[in-house]
Amino acid sequence: MSKAVVHLALAPQRKEPNHRSELVNQLLFGEQVEILEQQENWSLVKNVHDNYQGWMQNSNLVVLNEKFPINWDAYKFCGEVNAMVTTEEGPMNLVIGSRLIDYGNNVFKINDWVYHSYCEIFEIDSKSFTDNLVRTAKMYLNAPYLWGGRSPFGIDCSGLTQMVFMLNGIQIPRDAVQQEELGKKIPLGKAEAGDLAFFQNDEGKIIHVGLIYERKWDELKIIHSTDSAGKVRLDFLDKKGVFNKEKNTHTHNLHSIKRILKDENS
């Protein structure tokens, strides 16, 4: 089974092998996939980091060459919302969360291609794990909502939470319903910043997720990417769910709150 790496800033993953098909996910530069099926212009791939599957255009991928072994433990995350690298073909922009593979001295490689990085490397702060989660989530504030998106230029609810945890050393699944299976259930009264809040439809199906942003006394705030507002925003959280003060209404019905601890998932 061949393995490949995304070599563009953002590469769409689609439900079917054509450009009109639904965008189900995005992969960032440096993320690795396994090729399950290959056609002339498209490949069905499985993401190495979360096992998510989708169709990608072959031109978005570079098949790894065994002649150029990669030290996968040496990668770094790009830490800027919008950063610059140079390639043999010229400059290219990368987004936060891009993986700089086999990184050292501002240089990284894919096969025999050499990249020079001018982006700030993402560093985990010396504060607590939960503080780092909140700090990272804030970098996506006001990003437009995009179904399947995983970048500051378009992101969905579970893409936001996945990226926030990934940048802080924990890989969680892609979809909200999968993420809810993780961690320890926490009552609303004991919820803290860094916990994940999940929301349900009228049938009890999980359809949304957000990260608790802060707690001041009994008042909770949540950061989430919501299609109703069209962006990543801050709202209030109570026993009913997400409360939008601007609209004076609840927009999402609370299902559960989960706490994912770093020492349990590292």
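The values are calculated or read from the model by the stated rules, or taken from the named source; none is laboratory data. None of these values were measured; they are calculated from a predicted model. Note: ideal-geometry Cβ built from the backbone for every residue, glycine included; neighbour counts use all protein chains shown.
The residue that is nearest to Leu10 (Cα to Cα), counting only those in region 75-130 that are part of a strand (DSSP E or B) and basic (Lys, Arg), is Arg99.
Just a yes or no: is a residue in region 99-109 modelled with pLDDT of 90 or more and either out of contact with any helix residue (DSSP H, G or I) (no Cβ under 9 Å at 6 or more places or on another chain) or within 17 Å of Leu28 (Cβ to Cβ) (or both)? Yes, that holds for at least one residue. Looking only at residues of region 56-79 that are touching an Asp or Glu at 6+ places or on another chain (Cβ under 6 Å) and crowded, with 16+ Cβ neighbours inside 10 Å, we find that the one that is farthest from Gln26 (Cα to Cα) is Ile70. Screening the candidates Lys262, Lys247 for the property of being modelled with pLDDT under 95, surrounded by 11 or more Cβ atoms within 10 Å (Cβ to Cβ) and over 27 Å from Met166 (Cα atoms) yields one hit, Lys247. Each residue in region 111-164 was checked for being aromatic (Phe, Trp, Tyr), farther than 18 Å from Ile222 by Cβ and at pLDDT 95 or above, and 2 of them qualify.
The strands (runs of 3 or more DSSP E) located wholly in region 157-266 that include 2 or more residues which are of a type in the set (Lys, Arg) and in contact (Cβ under 8 Å) with a residue 60 or more places away in the chain occupy 231-237, 249-259. For Asp218, state whether it is more than 23 Å from Val95 (Cβ to Cβ) and crowded, with 20+ Cβ neighbours inside 10 Å. Here the answer is no, as Asp218 does not meet what is asked.
Of all residues in region 14-59, those being of a type in the set (D, E, K, R) and part of a strand (DSSP E or B) number 4.
Residue by residue, here is whether (1) under 29 Å from Leu23 (Cβ atoms); (2) in contact with a strand residue (DSSP E or B) (Cβ under 7 Å, 6 or more places away or on another chain); (3) surrounded by 13 or more Cβ atoms within 10 Å (Cβ to Cβ); (4) not assigned by TED's automatic domain parsing to the domain that holds Gln26 holds:
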{"site": "Met92", "(1), (2), (3), (4)": "yes, yes, yes, no"}
{"site": "Gly97", "(1), (2), (3), (4)": "yes, yes, yes, no"}
{"site": "Asn105", "(1), (2), (3), (4)": "no, no, no, no"}
{"site": "Ile110", "(1), (2), (3), (4)": "yes, yes, yes, no"}
{"site": "Trp113", "(1), (2), (3), (4)": "yes, yes, yes, no"}
{"site": "Glu123", "(1), (2), (3), (4)": "no, no, no, yes"}
{"site": "Val134", "(1), (2), (3), (4)": "yes, yes, yes, yes"}
{"site": "Tyr140", "(1), (2), (3), (4)": "yes, yes, yes, yes"}
{"site": "Ala143", "(1), (2), (3), (4)": "yes, yes, yes, yes"}
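Residue count for region 3-24 under the criterion of being over 16 Å from Asn51 (Cα atoms), surrounded by fewer than 16 Cβ atoms within 10 Å (Cβ to Cβ) and either aromatic (Phe, Trp, Tyr) or touching a residue at least 40 places away in the same chain (Cβ under 8 Å) (or both): the result is 1.
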